[in-house]
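Enquirer: Before I ask anything, here is the structure I am working with.
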Amino acid sequence: MIVKDSYSYIRIGLNIRLLRNVTEKSKKHLAKVSLDSLVEDLKVGDFQVTLAAMESTKFDKMLSALDALESDETHLGAVLAGMIRDELSVIENVIFPESTIKRIYILPSRRFNSEALLNSPQNLFKDGTFKKLNAIAQQDISSACRCILFGEATAAAFHILRATEDVLKSYYLHHKKQRRLAKPMWGSMLNELKSKTKNKPPATLLTSLDLIRTAYRNPTQHPEATYEIDSAQDLIGVCIDAIGKMASEL
C-alpha cells in the first residue's frame, strides 16, 4: 500500500492555473518553481500520461527558453509567457481525462486513532510494550489494526487472535520453566498457568484469556464465522488489554 498526500492533487491544479495565467511581467523564479512543483506532484500522483505529454518537443523548447533567462528576477517577456500558457493549456487538457481514472479512498473513523491503526500500532499500548513482543505478534497486531481501519472485520479478528496466542505462548514459557507442554495450545497453557501454586499469574488476566478463547478464538476457527466491525473492535480492545498485561511481565 502506498500512502499519498491528497493535498498534492490540489497543488497540481493550483500550479497549472498559475502557469496558465503568467504574463510578460511574471518572473523566471515564479514559473520555474511552479513547474518543478507541478512535475514532482505529477510523479507523486502517478500521472504517467501527463508526464509523457511533457516530453514533447514544444514543451522542451519552452523549458529551454525559460532556463536561458539571465536570472530568477528576469521577466518572462511576451513570447515566453505565451509559450508557457499554450503548453500548460495542452497539459491541462491531458490531465483532465487522466484524473478521471484516479480514485481517492477516505478512511472512516474508528474507535481507535486512525494514525495509530495505520502506522503506529505501538501507540495503542503502554510505552515499551510493543517492542517486547515477538516479530510475528507485532506483525499480526499491525495487520489487525489496518484491517479494522479498512473495514475487514473478520480478518482483523484472525490477526489479533493470532497475536494474542503468540504472546500467551511467550507468557507461558516465562512462567513455566520445567515440564513444559510439548505442543502448547491455548486451553492447555491456561490450565497449567491456573494450576501454579507459586508466582501464579493474576486470576483476572487468566479469566480474560479464557474468555477470549471461549467467546472469540474457538468460534473464529469455524469457516462460517464472520465479524462485524463493532464486534471486531470489541475484540481488539480486549486483546490489547490482555497482551499489555502479559507483556508487562516479559
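Enquirer: Dipole size in debye (nearest 20) for segment 114-247 around its Cα centre, Lys and Arg Cβ +1, Asp and Glu Cβ -1?
Expert: 1180 debye
Enquirer: Which entry in [x] 1.24; [y] 0.94; [z] 1.28 matches Rg/Rh (Cα atoms, Kirkwood Rh) derived from the coordinates of this structure?
Expert: Label of the calculated value: [z].
Enquirer: Next up: Name the residue farthest towards the positive end of the dipole of segment 1-136 from the options Asn134, Leu76, Gln48, assuming +1 on Cβ of Lys and Arg, -1 on Cβ of Asp and Glu, about the Cα centre.
Expert: Asn134
Enquirer: In percent, what relative contact order does segment 143-196 have, based on Cα pairs under 8 Å that are 6 or more apart in sequence?
Expert: Dividing the mean separation by the residue count of segment 143-196 yields 25 percent.
Enquirer: Here's a follow-up. What pairs from Lys131/Lys198; Lys132/Lys177; Lys176/Lys198 go past 21 Å between their alpha carbons?
Expert: Flagged as over cut-off: Lys131/Lys198.
Enquirer: With θ taken as phi - 60° and the coefficients 6.51, -1.76 and 1.60, list the Karplus ³J(HN,Hα) couplings across segment 106-120 in order, rounded to whole Hz; mark glycine and proline as x.
Expert: For segment 106-120, the Karplus curve yields 8, 7, x, 6, 10, 5, 9, 4, 4, 5, 5, 5, 7, 10, 9 Hz.
Enquirer: Once you have the Cα-Cα distance between Val39 and Arg180, take 0.36 nm times their residue separation minus that, and quote the gain in nm to one decimal.
Expert: Extra length from Val39 to Arg180 when fully extended: 44.6 nm.
Enquirer: Ok, one more. May I ask you to list the aspartates and glutamates whose Cα is less than 16 Å away from that of Lys25, ignoring any residue fewer than eight positions away on the same chain?
Expert: By straight Cα distance, Lys25 reaches Glu70, Asp72, Glu73.
Enquirer: Which net charge results for the neighbourhood of Val90, defined as the other residues with beta-carbon distances under 14 angstrom from its beta-carbon, given Lys and Arg at +1 and Asp and Glu at -1?
Expert: Here the charged neighbours net out to -2.
Enquirer: Could you work out [θ]222 nm for the chain from helices alone, using -39500 (n - 2.57) per DSSP H run of at least four and dividing by all its residues? Round to the nearest 500 deg cm²/dmol.
Expert: Calculated at 222 nm, the ellipticity per residue is -19500 deg cm²/dmol.
Enquirer: Just to confirm a number: summing +1 for Lys and Arg and -1 for Asp and Glu over residues other than His159 whose beta-carbon lies under 12 angstrom from that of His159, what do you get?
Expert: -2
Enquirer: Next question. Give me the dipole magnitude in Debye, nearest 20, for the chain about the Cα centre, with unit charges on the beta carbon: positive for Lys and Arg, negative for Asp and Glu.
Expert: Dipole of the chain, to the nearest 20 debye: 1720 debye.
Enquirer: Computed FRET efficiency, Cβ-Cβ of Lys27 and Asp127, R0 45 Å: what is it to the nearest 0.05?
Expert: It comes out at approximately 0.30.
Enquirer: So what is the relative contact order for segment 67-226, in percent, with contacts set as C-alpha pairs under 8 Å and at least six apart?
Expert: 14 percent
Enquirer: Also, I was wondering about something else. So for the chain, taking the charge dipole from beta-carbon charges (+1 Lys/Arg, -1 Asp/Glu), which of Tyr171, Val22, Leu181 sits furthest toward the positive end?
Expert: Leu181
Bear in mind these aren't lab numbers, they're just calculated from the coordinates by the rules spelled out. The shown structure was predicted, so the numbers you read here are calculated from the model rather than taken from an experiment. Here Cβ is always computed from backbone atoms with ideal geometry, including for glycine, and neighbour counts include all displayed protein chains.
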